[in-house]
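Trainee: Pasting in a structure now, in structure tokens, and then I'll have a few things to ask.
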């Protein structure tokens, strides 16, 4: 006997890149997978979320977080290789991006209203791009 769908929702994502899967109330759960634009040599900008933190959990493969200090411009760029099943909470208003291996699967938990209107992006200059491209 199948469980009534009003009790249980099952979602999956087989594509590339970022895909929100469940929104409820104030939160969203999404999956991030490999896409070419997130290769270190292709990253041209960082983003931040001005209204909330964002949680990442590496479920499979490899992922490196790029975190930058600075408010109105990018300062130093730091790299944090993620470990499987550890929670990484990127704090509100922190510039960030990430790169993933082709087999990577990352679970993301964020505010449901996280979007372009409250998540500014900043383009990287050539020196900043080099800090990301050369691990």
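Trainee: Most exposed first by the Cβ proxy, i.e. fewest other Cβ within 10 Å, how do 63, 35 rank?
Mentor: The fewest-first ordering by Cβ neighbours comes to 35, 63.
Trainee: How would 27, 95 line up from fewest to most surrounding beta-carbon atoms within 10 angstrom?
Mentor: Ordered from fewest to most neighbouring Cβ atoms within 10 Å, 27, 95 come out as 27, 95.
Trainee: With a ≥ b ≥ c the root eigenvalues of the C-alpha gyration tensor of segment 17-133, is it rounded (a/c under 1.5), prolate (a/b larger than b/c) or oblate?
Mentor: oblate
Trainee: Counting other beta carbons within 10 Å of each Cβ, put 94, 44 in order, fewest first.
Mentor: Arranged by neighbour count, lowest to highest, 94, 44 become 44, 94.
Trainee: How much of the DSSP beta bridge set in the chain is antiparallel, as a percent to the nearest 5?
Mentor: Counting only bridges with both partners in the chain, antiparallel ones make up about 95 percent.
Trainee: If you don't mind, another one. Can you classify segment 1-50 as rounded, prolate or oblate using the Cα gyration tensor, where a ≥ b ≥ c are the square roots of its eigenvalues, rounded means a/c under 1.5, and otherwise it's prolate if a/b beats b/c and oblate if not?
Mentor: Oblate.
Trainee: Which of 76, 102, 11 moves most in a GNM of the chain, Cα contacts under 10 Å?
Mentor: Comparing 76, 102, 11 in the GNM, the peak value goes to 11.
Bear in mind these aren't lab numbers, they're just calculated from the coordinates by the rules spelled out. Note that the structure is predicted; figures quoted are calculated from it, not measured. Ideal geometry is used to build each Cβ from the backbone, glycine not excepted, and the neighbour counts take in all protein chains shown.
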